[in-house]
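The values are calculated or read from the model by the stated rules, or taken from the named source; none is laboratory data. All of these numbers come straight from a predicted model, not from anything done at the bench. Cβ placement follows ideal geometry from the backbone for every residue including glycine, while neighbour counts extend to all protein chains displayed. These area figures cover heavy atoms from the full protein model, side chains too; ligands, DNA and RNA do not enter into them. Shrake-Rupley method; radii C 1.70, N 1.55, O 1.52, S 1.80 Å.
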Amino acid sequence: GIGQAALQALDLGILPSSSFDDYSEVHLLNMPGAYTWPIVGLTYVYVRMHDLTEHKNPHQIAVLKFFVESLYNRDTIAQCSVFGFVPVPTRVRDIAMAGLETFSRLHHKENKDGPKFIREVDTMPNGQAPYVVSKKRRNYYELQSAEIASDLRDTYLDLKYVYDSVGLGETGEIQLNPADKKMLEAALGLGIFSFILWGLTFVFFILRRCGCM
């Protein structure tokens, strides 16, 4: 399968056995094996181990660590299956976790002072507390549907406002109040005047081109 491609690359030395090695030449295309999927890509996340001058805040370190952990947690990453992603094999996961452990040791102070994020996979007493990421939260499709429904509701209210402001008579014709009628008549008058000026300008231009003036 797909995961078998990563294991074959690991056995052949194509995929490094350490998170600190060079991954620039890693490719998982056409790996050997009777059941290995031939076209496979590996998604990478590069994490700075030492130069974190912009992320020295304990909260930021905690978020970064939790994010990387989530990429290898099946309860979290399984949601990406709808986009065609699959979790990495256990051996590849162990390599990443070893690198993350080194990161935690290098930033022990920030790690100790920062909050601890937890993952809710089932109903728990403090499931809605801060620093809790729950798989029971709304998924993307439900969220997107709610946003579309909200946009449609706003559009309906806008149209209703225009409809109520203009008003329609019993015959369905637009009914204007005296003030709106005067403004419309003034706008039509200015439009006609502008049209006449443009017509005269065009005639003048043609006569100039023909040498009549």
Check: Could you sort 119, 93 by accessible area so the largest value comes first, with the probe set to 1.4 Å?
Finding: 93, 119
Item checked: Net charge of neighbours whose Cβ lies under 15 Å from the Cβ of residue 16, counting Lys and Arg as +1 and Asp and Glu as -1 -> -3
Next item on the list: Could you calculate the FRET efficiency of residue 12 with residue 97 from 1/(1 + (r/R0)^6), where r is the beta carbon distance between them and R0 is 30 Å, rounded to 0.05?
Entry: 0.85
Notebook entry, point to check: Contour minus end-to-end for residue 207 and residue 182, with contour as 0.36 nm per residue of separation and end-to-end as the Cα-Cα distance?
Noted result: 5.2 nm
Notebook entry, point to check: Between residue 59 and residue 45, what length in nm is gained on full extension when 0.36 nm per residue of separation is reduced by their alpha carbon distance?
Noted result: 3.1 nm
Checklist line | Within the stretch 72-115, backbone nitrogen closer than 18 Å to the virtual label 7 Å beyond the Cα of residue 129 toward Cβ | finding: 112-115
